[in-house]
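Quick notes on the structure that follows.
The values are calculated or read from the model by the stated rules, or taken from the named source; none is laboratory data. A quick note: this is a predicted structure, and the numbers were derived from the prediction, not measured. Cβ sites come from the backbone with ideal geometry, for glycine too, and all protein chains shown count toward neighbours. For the accessible areas, the whole protein counts, side chains as well, though only heavy atoms, and no ligand, DNA or RNA atoms are used. Shrake-Rupley method; radii C 1.70, N 1.55, O 1.52, S 1.80 Å.
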Protein chains: 2
Amino acid sequence: MEYGEKVSLYVTGLTNSRDDVQRGKYLESLRELVKELFSLRNHFAKVQMLLFPYLERLGLTAVPRVLWTKQDQVMHTVKMLYTALMKGDMQEIRKEGLKVSNALIDMVFRENKILFPTASVLLKEGDWAAIASEMDSVGYFKYRPVKKVWKPLVPPRYPYEITEAIPDRDIESLPKEVKTLLTKAETPDTYSPTQNDRLEFPTGFLSKEEINEIMRSVPIDISFIDKDDRLIYYSPGDRVFVRAKTALGRKVDHCHPPRSVGIVKRIIEEFRKGRRNKAVFWLRINGRLIYITYIPGRREDGEYLGTVEVVQDITDLKKIEGEKGFWSRTD
Amino acid sequence: MEYGEKVSLYVTGLTNSRDDVQRGKYLESLRELVKELFSLRNHFAKVQMLLFPYLERLGLTAVPRVLWTKQDQVMHTVKMLYTALMKGDMQEIRKEGLKVSNALIDMVFRENKILFPTASVLLKEGDWAAIASEMDSVGYFKYRPVKKVWKPLVPPRYPYEITEAIPDRDIESLPKEVKTLLTKAETPDTYSPTQNDRLEFPTGFLSKEEINEIMRSVPIDISFIDKDDRLIYYSPGDRVFVRAKTALGRKVDHCHPPRSVGIVKRIIEEFRKGRRNKAVFWLRINGRLIYITYIPGRREDGEYLGTVEVVQDITDLKKIEGEKGFWSRTD
């Protein structure tokens with residue numbers, strides 16, 4: 001039985017039963033179910049992150065847009081039902097319960113009759129290979145598959161690599177709701193992130209200029225000591241502890257006052273030997289609270305690559321209270 | 001008159017005078033002077049950052065090491081004198097005052113008779129050009145020079161570019177204290193930070209692998225939206241908000257739920273037009289306090305390069321109290 005039907009069953013039972021014990025059981029089942037339903041957020045996030053980009057790339061932007069709004073509505077109704085259950089207000093529980101049930105039944109229909117059939121027509125083997133490889137980090141749709149069950153015969157294809165429009169024979173096989181949309185579809189997206197002499201990284205593309213701007217913009221000061229214990233990089237811009245180009249290539253021992261060289265060398269040795277994964281300090285300087293973190297960089301095989309120093313003025317962060325969401329307009 | 005002599009004068013006056021008004025004046029002068037002396041820290045930092053690396057590179061490591069310890073001692077005596085002045089303990093003021101005076105006189109001697117003469121023999125025009133160009137960001141030794149007074153005829157030479165040992169004719173011209181040291185000098189440092197296919201940045205050198213490790217290690221999650229409003233990069237590793245490679249090249253509008261697209265687009269437009277330099281939000285998610293910052297990247301001429309998104313879990317930072325310096329061993 002699907003979630004939507006389950007919610008409906010419990011709510012109907014709750015409404016019709018006149019036996020207090022029986023009603024208590026329905027209520028308990030409903031509470032358990034709502035907890036499970038909160039984790040739908042993860043399922044939706046995966047759909048949004050892994051499937052939607054392919055449809056958008058092909059010009060089918062309306063399908064993801066509508067579905068995302070519906071997904072938000074599902075999560076909103078679940079939250080309302082949770083609140084009603086907390087309050088124990090039977091009338092509200094019934095009202096919100098039916099809303100959840102309807103929203104879920106609608107979502108299952110949209111996924112099974114529109115989203116997944118569309119994806120199965122439009123996504124090719126390389127696309128599924130890409131999705132499968134990302135699931136290792138993003139998480140699986142429902143169950144973690146047995147490892148190596150499916151070995152794609154083609155390399156992963158990411159949405160940004162798709163350049164052709166939807167072929168006519170694929171259009172024929174699409175669900176009719178989607179076919180209708182296609183007549184007013186946007187043109188396929190042909191943007192390439194590899195332009196402008198960008199370098200390729202495991203998680204994206206950046207030019208040297210963009211890297212420099214990111215390093216300047218982030219609210220932390222970064223320095224890097226390489227595997228030979230040399231300072232080879234520091235982030236540009238205003239810094240808590242000033243750095244200068246004259247210090248590039250300098251031995252890390254020489255970057256610190258003689259009295260603290262011992263502790264610095266000890267931390268780095270522990271990093272190098274894999275005995276330690278972090279060292280933190282915090283100091284008060286001119287009334288500001290400065291937080292300093294050292295983190296070792298390592299290859300996947302554990303080989304030491306160097307040490308990252310992060311310096312952050314956390315004085316103002318400590319004062320943050322409450323929430324200020326995207327909907328606030330006070331900043 | 002030098003600082004050391006001034007301190008000595010005030011302390012002697014304080015000791016010998018029997019007139020309360022006169023003593024009050026000496027005390028006041030001493031207090032003013034101590035405030036000035038605290039800023040010696042900046043002068044020392046510049047010497048440590050700009051001059052020392054050249055001497056180290058040439059194998060003269062003992063001179064900077066000894067001097068740095070002495071500089072620390074100067075700052076320590078100043079701090080002790082400040083404490084004595086706060087307490088108003090005349091005997092301590094005299095005792096600490098004389099220590100400050102002696103430490104300063106010793107430092108002036110070491111700078112004027114050893115450090116600066118040595119630097120003036122060993123550093124060549126390109127080295128001074130490099131130091132001058134760094135002073136724009138690090139700050140000047142004492143006064144900001146009139147712009148463009150000195151135009152070096154050679155390009156800046158940074159310590160890591162020096163490969164030759166000290167020539168014999170330079171050794172002859174060194175102060176005798178340094179000449180003695182040279183017999184037991186280390187061999188010159190020939191390490192080059194440009195090795196390993198490293199890319200050159202305005203503030204250092206990094207390989208792609210090192211950049212990836214830095215991005216993974218820093219305690220913030222970074223994403224980058226390029227000038228065409230596309231997500232082109234996200235930092236690897238555990239993240240508050242999951243990202244996947246399938247989202248690379250995606251329009252920023254499509255990366256957010258339809259209900260918050262409006263505010264995201266408005267922020268980016270304000271960044272692009274130069275009307276805004278930051279947007280911050282904070283949310284509670286599963287009991288954690290998540291702090292989100294958007295910062296525009298711009299070229300020096302103001303041209304918009306893209307937007308950096310920084311997400312940080314600041315829950316634990318908010319609990320930081322007191323200090324935990326390099327000398328603590330409790331972590």
(request) Per residue, how big is the convex hull around the C-alpha atoms of the range B:215-319? Give it to me in cubic angstrom, could you? (result) 116 Å³
(request) From largest accessible area down, sort A:19, A:189, B:238; use a 1.4 Å probe on the protein chains. (result) B:238, A:19, A:189
(request) Using a 10 Å cut-off on Cβ to Cβ distances, tally the other chain neighbours for every residue of B:49-58 and report the average as a whole number. (result) 4
(request) Determine how large the accessible area of residue A:150 is when every protein chain is in place; take a 1.4 Å probe and give Å² rounded to the nearest 10. (result) 120 Å²
(message) Report the Cα centroid-to-centroid distance between the range B:1-73 and the range A:99-114 in angstrom, as an integer.
(response) 76 Å
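What quantity of accessible surface, computed with a 1.4 Å probe and excluding non-protein components, is buried in total between chains B and A, in Å² to the nearest 100? Display every interim value, and only then the final one.
Working: alone 21580 and 21550 Å², together 32940 Å².
Summed over both sides, the interface buries about 10200 Å².
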(request) Enumerate the amide H contacts of residue B:298 below 5 Å, restricted to partners 5 or more residues apart or on another chain; note that Pro and chain-start residues carry no placed amide H. (result) B:305
(message) 7 Å along Cα→Cβ for the label point: how many nanometres lie between residue B:182 and each equivalent label in the other copies, listed shortest first?
(response) 8.3
(request) With a Förster radius of 41 Å, plug the Cβ-Cβ distance of residue A:313 and residue A:153 into 1/(1 + (r/R0)^6) and report the FRET value to the nearest 0.05. (result) 0.20
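Would you mind telling me the share, in percent, of accessible area of the range A:204-319 contributed by carbon and sulfur at probe 1.4 angstrom?
Details: 2090 of 4460 Å².
Whole-percent figure for carbon plus sulfur exposure: 47.
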(request) Could you pull the accessible area for residue A:298 with a 1.4 Å probe, rounded to 10 Å²? (result) 50 Å²
(request) Select from A:320, A:232, A:290 the residue whose mean-square fluctuation is largest in a Gaussian network model of chain A (Cα-Cα springs shorter than 10 Å). (result) A:320
(message) For residue A:199, what residues show an amide H to amide H distance below 5 Å, using hydrogens built from the backbone and excluding near sequence neighbours?
(response) A:206, A:207, A:208
(request) Report, by chain and number, residues whose modeled amide H sits under 5 Å from the one on residue A:233, excluding near sequence neighbours (fewer than 5 apart, same chain). (result) A:224, B:205
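Taking only Cα atoms of the range B:256-296, what ratio of Rg to Rh do you get with Rh as the Kirkwood inverse-distance radius?
1.05
Nearest 20 debye, what's the magnitude of the dipole of the range B:38-162 about its Cα centre given +1 on Lys and Arg Cβ and -1 on Asp and Glu Cβ?
Details: 19 positive and 12 negative charges, 50 e Å.
So the dipole magnitude of the range B:38-162 works out to roughly 240 debye.
At 0.36 nm per residue, minus the direct Cα-Cα distance, what do residue A:113 and residue A:197 gain on full extension? Give it in nm, one decimal, please. The partial results should precede the final answer.
Values: separation 84, 0.36 × 84 = 30.24 nm, distance 4.26 nm.
That pair, residue A:113 and residue A:197, stretches by 26.0 nm at full extension.
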(message) When only alpha-carbon atoms are used, what values of Rg and Dmax, in angstrom, describe the range B:1-154?
(response) 18.4, 60
(request) Take every Cα-Cα distance within chain B, group them into 20 Å bins from 0 onward, and report for each bin the whole-number percent of pairs it holds. (result) 21, 39, 34, 6, 0
(request) Please identify, among B:97, B:302, B:24, the residue showing maximal mean-square fluctuation in a Gaussian network model of chain B using a 10 angstrom Cα cutoff. (result) B:302
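Normalised by the empirical 2.2 N^0.38 Å for globular proteins, what value does the Cα Rg of the range B:176-239 take? Show your work: numbers first, answer last.
On the way: Rg = 20.4 Å, N = 64, 2.2 N^0.38 = 10.7 Å.
Here the Cα radius of gyration is 1.91 times the empirical estimate.
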(message) Please compute the modelled spin-label separation between residue B:283 and residue B:166, points set 7 Å along Cα→Cβ, answer in nm with one decimal.
(response) 6.1 nm
(message) If you count only protein heavy atoms and use a 1.4 Å probe, how large is the accessible surface of residue B:226, to the nearest 10 Å²?
(response) 0 Å²
(message) I need the phi-derived Karplus couplings for the range A:117-125: 6.51 cos²θ - 1.76 cosθ + 1.60, θ = phi - 60°, integer Hz, Gly and Pro marked x.
(response) x, 5, 4, 5, 7, 8, 7, 9, 4
(message) Students sometimes get this wrong: rank A:228, B:197 by accessible area, probe 1.4 Å, all chains present, largest first.
(response) B:197, A:228
(message) Charges at C-beta only: +1 for Lys and Arg, -1 for Asp and Glu. How large is the resulting dipole of the range B:38-94 about its Cα centre, in Debye rounded to 20?
(response) 100 debye
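Per residue of A:61-68, what is the mean number of Cβ atoms on other protein chains within 10 angstrom of that residue's Cβ? Spell out each step's value before the answer.
Values: counts 3, 0, 0, 2, 5, 1, 1, 6.
That works out to 2 on average.
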(request) Using the 7 Å Cα-to-Cβ label point, sort the distances from residue B:70 to its equivalents in the other copies shortest first and give them in nm to one decimal. (result) 7.9
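Taking the range B:215-319, how many lysine pairs are there with alpha carbons less than 13 Å apart, if each pair must be eight or more places apart or span two chains? Mind showing how you got there, number by number?
Details: B:227/B:251; B:227/B:265; B:227/B:273; B:251/B:265; B:265/B:273.
So the count works out to 5.
Note down the magnitude of the dipole of the range B:185-306 about its Cα centre, charges +1 on Lys and Arg C-beta and -1 on Asp and Glu C-beta and zero elsewhere, to the nearest 20 debye. If you can, show how the numbers build up before the last one.
Details: 22 positive and 18 negative charges, 231 e Å.
In debye, rounded to 20, the range B:185-306 gives about 1100.
Keeping all protein chains in place and using 1.4 angstrom, which order do A:109, B:224, A:241 fall into by accessible surface area, from largest down?
Details: A:109 100, B:224 0, A:241 65 Å².
Largest accessible area first, the list is A:109, A:241, B:224.
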(message) Over the Cα atoms, compute the radius of gyration (one decimal) and Dmax (the largest Cα-Cα distance, rounded to a whole number) for the protein assembly as shown, in Å.
(response) 32.1, 107
(request) Along Cα-to-Cβ, 7 Å out, sits the label point; list in nm, shortest first, how far the one on residue B:35 is from those in the other copies. (result) 6.3
(message) Taking just the alpha-carbon atoms of the range B:1-80, what radius of gyration and Dmax come out, in angstrom?
(response) 16.8, 55
(message) Averaged over its residues, how many other protein chain Cβ atoms are within 10 Å of peptide B:227-234's Cβ atoms?
(response) 6
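First measure r as the distance between the Cβ atoms of residue B:136 and residue A:276, then evaluate 1/(1 + (r/R0)^6) with R0 = 45 Å and state the FRET efficiency to the nearest 0.05.
On the way: r = 38 Å, r/R0 = 0.84.
Rounded to the nearest 0.05, the efficiency is 0.75.
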